[in-house]
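Read the figures in this text as sums done on the coordinates, not as results from a lab. Note that the structure is predicted; figures quoted are calculated from it, not measured. Ideal geometry is used to build each Cβ from the backbone, glycine not excepted, and the neighbour counts take in all protein chains shown.
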Amino acid sequence: MVKTTVQLGPLTLQNPIVTASGTFGYGVEFADYLDINKLGAITLKSVTINPREGNAPPRIAETPSGMMNSIGLANHGIEVFVNSILPKLELFDRVKVIANIAGHTLEENVELAKRLDIVDRVDAIELNISCPNVDAGGLAFCQDLPMVSRLTKAVRKVTLKPLIVKLSASVPDIVALAKTSVESGADILSLINTIPGMDVDIAKKSLFFKRGSAGLSGPAIRPIALKAVYDVARSVDIPIIGMGGVATVEDVVKFLLVGADAVSVGMMNFVRPTLSGELVDQLSAYLVASGETLSTLKLTA
Ligand SMILES: Cc1cc2nc3c(=O)[nH]c(=O)nc-3n(C[C@H](O)[C@H](O)[C@H](O)COP(=O)(O)O)c2cc1C
């Protein structure tokens, strides 16, 4: 037996494998594929105050080594989230539940955090300030450091739950962004969100996605994510959930080596719905076979 428990500030996970927001539904959809109770945590699809239809199709496209999405935070809104979705997760008592909030304004995020602060099944709140697929809020927050500061402080004030701030790498200085989030009250950072990109429909001579830009995810962005985690881990003193293109246990180990304390699986859940559960077992096997522990997984050069 190898110890896999990780302490992310105030949040304890039974192992460091997490699923990324928007790629694992509300967890229960995956219950036929794997025992979701064996995961460290699941991060639920972003929730907003009002239900959102999301963006007009097309919403996804395949790319070499990845996918692009322009979902636009489609979700049922906070009422359904609290009253119908979260209760279904009460059956799963070992996996931690991270609720991801994506209000369009500071006030909406404060309201969302207040609503979730009193829900027992929510173990942590992830503040999504990095979605590239919406017109208001989202990535625009991340690109405005004074706003990141006000927003994080305001959300921090209304909740005692562990607060995760989710960052984008599509900013001029991710280290400055990370430091601002920490100084403003984040307990944990998660990074990275998708990276804005574009595709073109040559038959129609038009941009493929209605909004033009869409978010790139998957193995294509892994090198960018590894560098972002490496840079941020050297600059701040709080735990990091690393993500971006995780497909194998070796990828998990790479994120841990560059400074992540936990690792999220995103786009690859669509390719292999069983993957996150397999990674839990494969990480334990890796630790046993290599004689490492989670705390010895550090770069030596
Ligand atoms: C289809 C899709 C939907 C996503 N929706 C959300 C979302 O609602 N909220 C969020 O914070 N991130 C969302 N993300 C971003 C992922 O959580 C993750 O940060 C990103 O995809 C990088 O990880 P990956 O390369 O492993 O997918 C979404 C990603 C994809 C592919």
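Before moving on, here are some points about what is shown:
- Remark: the range 18-25, residue by residue, has Karplus-estimated 3J(HN,Hα) of 10, 9, 8, 4, x, 10, 9, x Hz, where x stands for each Gly or Pro and the curve is 6.51 cos²θ - 1.76 cosθ + 1.60 at θ = phi - 60°.
- Here the 3J(HN,Hα) profile of the range 101-106, calculated from phi with Karplus coefficients 6.51, -1.76 and 1.60 at θ = phi - 60°, is 10, 9, x, 7, 9, 4 Hz, Gly and Pro shown as x.
- Cα coordinate range in the range 36-80, projected on the principal axes (Å, largest first): 34, 31, 10
- Overall form of the range 77-120 per C-alpha gyration tensor (a/c, 1.5; a/b vs b/c): prolate
- With distances taken between every two different alpha-carbon atoms, the range 1-133 has a Kirkwood hydrodynamic radius of 15.7 Å.
- Across the range 154-301, the fraction of Cα-Cα pairs farther apart than 25 Å, rounded to a whole number, is 37%.
- Backbone amide hydrogens, once placed in the peptide plane, bring Val134 within less than 5 Å of Leu139, excluding anything fewer than 5 places away on its chain.
- For the chain, a crude dipole built from +1 on the beta carbon of Lys and Arg and -1 on the beta carbon of Asp and Glu, taken about the Cα centre, is about 360 debye to the nearest 20.
- Positive minus negative residues near Lys45 (Lys, Arg vs Asp, Glu; Cβ under 12 Å): -1
- Along the range 160-172 the Karplus relation, 6.51 cos²θ - 1.76 cosθ + 1.60 evaluated at θ = phi - 60°, assigns HN-Hα couplings of 9, 5, x, 10, 9, 10, 9, 9, 9, 8, 8, 9, x Hz to successive residues, with x for each Gly and Pro.
- Semi-axes of the equivalent ellipsoid of the range 190-261 are 31, 13, 8 Å, computed as sqrt(5λ) over the eigenvalues of the C-alpha gyration tensor in descending order.
- With contributions of -39500 (n - 2.57) from each DSSP H run of at least four residues, the per-residue ellipticity at 222 nm computed over the chain stands at -8000 deg cm²/dmol.
- Placed amide H near Ser190: partners under 5 Å, 5+ positions off or other chain: Val165, Lys166, Leu167, Ile241
- Overall, the anisotropy analysis places the chain in the rounded class: the square-rooted eigenvalues a ≥ b ≥ c of its C-alpha gyration tensor yield a/c less than 1.5.
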